[in-house]
């Protein structure tokens, strides 16, 4: 395999809040190949968004990327890069699409100006060139009458249109990598379908790599080639999309899939994962999922599981990898109802 | 242009599962919000949030209202409880006319009709312990007093899966799922018969969402509750509902038993909506009906069928932009508003007079099955 486009190695992003340390991202590693879509899936508080922000070095006080973390992108370590070089990469080589398009756009400038601004900041060509390129990008994202739309303000556009504007902005400098953080969560389902289609289509045509961050396994199944499942600041499972859905290994991944209501299934009781995600200031020792796990045994309490390779390209952070017979003996998890968070 | 308001009367004769008298009966419910202009608040138009909505809910049943943002589902739920005053229409709860009630009667009826909100954070007072919040309804309706009320509050907490000793804690000490449980306990405190669940799990993570869905179903079974379940997530709705009503631009466009609706959606909008739901199975190549454009503004809804500008039914024609389709029974208990989906009471003569060129034709694009093309439907209706 050739050098991956992005290689995140032992990323640790901690937040120092008063007395406690929130270890939001705690030793995360993954790679993205050129033209690949990698999905990161997990529930709120699992560290997926902080991972994205760390890659772009958008972590602010009291947060800090810990020493020993490395994010290698196109041969450079972004963790140690100086600020001006980082600005050269942000929005240019790596761009980001946020969840809430209304708050990501400035209400007092036209959308055309905001898209064109990307080119002006990165100093390519004249004002007129930038505007023309902005209109071209708006057209590429399927906005009808892009020349007229470019002269409008964000409030004049619908939610789906605004998300297309953000995608146009992200595409302005033909980046090598687009990070999409829950790009369709705020949208209605028919508009979500349009945007997901647009993203997959653009990727096929432009060959851009995409890091797709979402809580929705359906979105992952439809867009990603490989998937990273995060829980409590860690990668708990990593695989290509088909083996992951066909053969989920980690009990958390399994639980997540079973808890999801399926549109094809008849009315039935849903399987639940009991309890809630623990706060990032107090991850349990040993396996971080053990309190909520129906297989956990003594080893899970004593020994923090490494990422075991269970098949080529498929890793899982669960001791079941070495003691598979334990899967035959599920029991009730330790917490039927996790206590209040504080 | 001539506007045909066809078969006005049929909308008042729908939709009840079973033979028993309905617990809640809604007829021709309307809610419009004025758009004002200038400093004198001159009325410049109106937003048609809910338009001629009719349905029944039987005791112990769950009817879901689904649709995208702005379709009027939340307004319908609130108008039924008169949290928003309806503009027109009839609401009967257990035979009593809710719209005719004075303040005292309304307070009394709200003991039987409760609501659970989407956002449990903003629906709880941050300065009130959860014990006090749950106790409020018990005090107002004088259900229990003193230590009996304390016992009741603790019992409610346990019933929704929280520890009784949490009574003295404040809302910020709880996670999203736990706050939603508190919201449910509050609603249950007054022993209601009917609960409007307004997007109760939309703000929750998948694993917690499943816990709350199961809780709502257990409570329904144990207390014989009737739900109006409002949601935009079609997978969640499938798990909750006996019957489902699909709303688009303030109108119910399809209503049927959940099973029938998901197996064989008849209204082209429902078909598109169902096909748009991402499926958590990477081996399925989905046939997806991509709708063009956005939902039109409810301040100027399209003439005729509200869905006609985005419709993908192959027989769509000029008649669709003229005739307002009635919600009519296409199969036993399966109601849909589409004059191109047979059978229809709008005769071919009437359709032809309104400019129709394509006779009605049964159209059922297959849902969730493999296919070669992504958008199998030409954007424009075919010519005869």
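Taking 7 Å steps out from each Cα toward its Cβ at residue A:66 and residue B:121 produces label points 2.7 nm apart.
Per residue of peptide B:37-50, the mean number of Cβ atoms on other chains within 10 Å of the residue Cβ is 0. Inter-label distance, residue A:132 to residue A:294: 6.3 nm, where each label sits 7 Å from its Cα along the C-beta direction.
Could you tell me the calculated FRET efficiency between residue A:334 and residue B:361, based on Cβ-Cβ distance and R0 = 60 angstrom, to the nearest 0.05?
For R0 = 60 Å, the calculated efficiency reads 0.55.
Describe numerically, in nm with one decimal, the distance between label points set 7 Å from Cα along Cα→Cβ at residue B:202 and at residue A:268. Reported label-point gap for residue B:202 and residue A:268 is 2.8 nm.
The mean sequence separation of alpha-carbon pairs under 8 Å and at least six residues apart, normalised by the residue count of chain A, gives a relative contact order of 19 percent. Shielding value for A:222-228 is 2, the average number of Cβ atoms from other chains within 10 Å of each residue's Cβ. For Cα pairs less than 8 Å apart in space and 6+ apart in sequence, what is the mean separation divided by the residue count of the stretch B:8-144, i.e. the relative contact order in percent? RCO, the stretch B:8-144: 23 percent. For chain B, the 222 nm mean residue ellipticity estimated from helices alone, with every DSSP H stretch of n ≥ 4 adding -39500 (n - 2.57) and the total spread over all residues, rounds to -7500 deg cm²/dmol. Centre-to-centre separation between the Cα atoms of the stretch A:264-323 and those of the stretch A:177-251: 21 Å. Applying 1/(1 + (r/R0)^6) with r as the Cβ-Cβ distance of residue A:145 and residue A:108 and R0 = 22 angstrom yields a FRET efficiency of 0.50.
Quick check on packing: order B:152-158, A:120-126 by the mean number of other C-beta atoms within 10 Å, highest mean leading.
Working: B:152-158: 17.9, A:120-126: 13.6.
The peptides rank, most packed first, as B:152-158, A:120-126.
By its C-alpha gyration tensor, with a ≥ b ≥ c as the square roots of the eigenvalues, how is the stretch B:242-293 shaped: rounded for a/c under 1.5, else prolate for a/b larger than b/c, else oblate? Note, shape of the stretch B:242-293 comes out oblate.
Springs join every pair of Cα atoms under 10 Å in this Gaussian network model of chain A, and among A:142, A:35, A:128 the largest mean-square fluctuation is at A:128.
Against the longest principal axis of chain B, how steep is helix B:206-223, in degrees 0 to 90 to the nearest 10, with axes from Cα atoms? That helix lies at roughly 80 degrees to the long axis. Springs between Cα atoms under 10 Å define the GNM used for chain B, and in it the highest mean-square fluctuation of B:132, B:352, B:148 occurs at B:148. Largest GNM mean-square fluctuation across B:44, B:149, B:108, computed for chain B with C-alpha springs under 10 Å, falls on B:44.
Annotation for the stretch B:27-71 versus the stretch B:205-250: alpha-carbon center distance of 21 Å. With a Förster radius of 25 Å applied to the beta-carbon distance between residue A:302 and residue A:10, the computed FRET efficiency rounds to 0.65.
For chain A, what proportion of DSSP beta bridges, expressed in % and rounded to the nearest 5, is antiparallel? Percent antiparallel among DSSP bridges in chain A is about 60.
Counting Cβ atoms of other protein chains within 10 Å of each Cβ in A:189-200 and taking the mean gives 5.
Can you classify the protein assembly as shown as rounded, prolate or oblate using the Cα gyration tensor, where a ≥ b ≥ c are the square roots of its eigenvalues, rounded means a/c under 1.5, and otherwise it's prolate if a/b beats b/c and oblate if not? In terms of gyration-tensor shape, oblate. Taking a ≥ b ≥ c as the square roots of the eigenvalues of the Cα gyration tensor, the stretch A:44-130 is oblate, since a/c reaches 1.5 or more and a/b is not larger than b/c.
Any chance you could give the angle, 0 to 90 degrees and rounded to 10, that helix B:130-140 forms with the longest Cα principal axis of chain B? Its long axis makes an angle of about 80 degrees.
Measuring nothing but how far apart in sequence close Cα pairs (under 8 Å, 6+ apart) lie, relative to its length, the stretch B:242-293 scores a relative contact order of 24 percent.
Bear in mind these aren't lab numbers, they're just calculated from the coordinates by the rules spelled out. What you see is a predicted model; the values in this text were computed from it and never measured. Glycine also receives a Cβ, built like all others from the backbone with ideal geometry; neighbour counts cover every protein chain displayed.
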